[in-house]
C-alpha cells in the first residue's frame, strides 16, 4: 500500500511540474498595461523534432472593463524577425461571465494561440504589445485591470 501511495504522489508531481513548460509571468505595476510597454519572453527550445503549442495566460482583475484583449505578438529567432500576429483573446462570455478560473478578485485564463509548430533549437524571443482600441480613440494610454501575463510553449500531445 505504501508503494502505491509513493507511486501516485510521484506521478502527480511529475504531471504538475510538466504541464506548463518554460512558463513565467510578467507583472504589471498597479495592474496597468501601458500601450508603450512591450513585454518580452525568451524561451529556449532544445528539441526541434517536437511540436509545440504557443499559449498565453492572463491574470486580470474582475474590474477589467473589456470583454477581450488584443495584442500584437512578434516572434524573433537569432535576432531575425520570424512573424507578426495579431491576437484577440475573449476573456468573457457574451453574458459577462468571465472565462478562466479564479478566487477573490483575480481571474486566470489560458489561451492556445496557434496550431502546433516546430521551432529550431535555440532561444526564441516573443514580444507582446498591447493593441486595444475603442470607438472614441485610436490609442489607449493604458488598460486597467491586467495584473500578469505569460507566454509559453507546451509540447503538443495530440
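The values are calculated or read from the model by the stated rules, or taken from the named source; none is laboratory data. As the structure is a prediction and not an experimental result, all values here were calculated from the model. Using ideal geometry, Cβ is built from the backbone for each residue, glycine included, and neighbour counts are taken over all protein chains shown.
Laid out as a table, the results:
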| item | result |
| --- | --- |
| One residue from 107, 82, 50 being in a strand (DSSP E or B) and either modelled with pLDDT under 95 or within 20 Å of residue 153 (Cβ to Cβ) (or both) | 82 |
| Residue that is surrounded by the most Cβ atoms within 10 Å (Cβ to Cβ) [pool: residues in region 121-139 that are touching a strand residue (DSSP E or B) at 6+ places or on another chain (Cβ under 9 Å) and assigned to a loop (DSSP other than H, G, I, E, B)] | 132 |
| Subset tally (residues that are loosely packed, with under 12 Cβ neighbours inside 10 Å and part of a strand (DSSP E or B)) for region 89-104 | 2 |
| Residue within region 56-68 that is at pLDDT 95 or above, under 22 Å from residue 157 (Cβ atoms) and touching a strand residue (DSSP E or B) at 6+ places or on another chain (Cβ under 7 Å) present | yes |
| Members of region 63-104 that are within 16 Å of residue 147 (Cα to Cα) and either touching a residue at least 60 places away in the same chain (Cβ under 8 Å) or in contact with a helix residue (DSSP H, G or I) (Cβ under 9 Å, 6 or more places away or on another chain) (or both) | 63, 64, 65, 66, 69, 70, 71 |
| Test: residue in region 118-139 that is within 18 Å of residue 27 (Cβ to Cβ), free of Cβ contacts under 8 Å to residues at least 60 places away in the same chain and out of contact with any helix residue (DSSP H, G or I) (no Cβ under 9 Å at 6 or more places or on another chain) | no |
| Scope region 1-47; condition part of a helix (DSSP H, G or I) and either touching a strand residue (DSSP E or B) at 6+ places or on another chain (Cβ under 6 Å) or at pLDDT 95 or above (or both); matching residues | 29, 30, 31 |
| Filtered residues of region 140-154 (kept if touching a helix residue (DSSP H, G or I) at 6+ places or on another chain (Cβ under 8 Å) and not in a loop (DSSP other than H, G, I, E, B)) | 144, 146, 147 |
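Each row is one residue, and each column tells you yes or no for (1) surrounded by 11 or more Cβ atoms within 10 Å (Cβ to Cβ); (2) under 22 Å from residue 23 (Cβ atoms).
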position	(1), (2)
50	yes, yes
80	no, no
109	yes, yes
119	yes, yes
142	yes, no
149	yes, yes
152	yes, yes
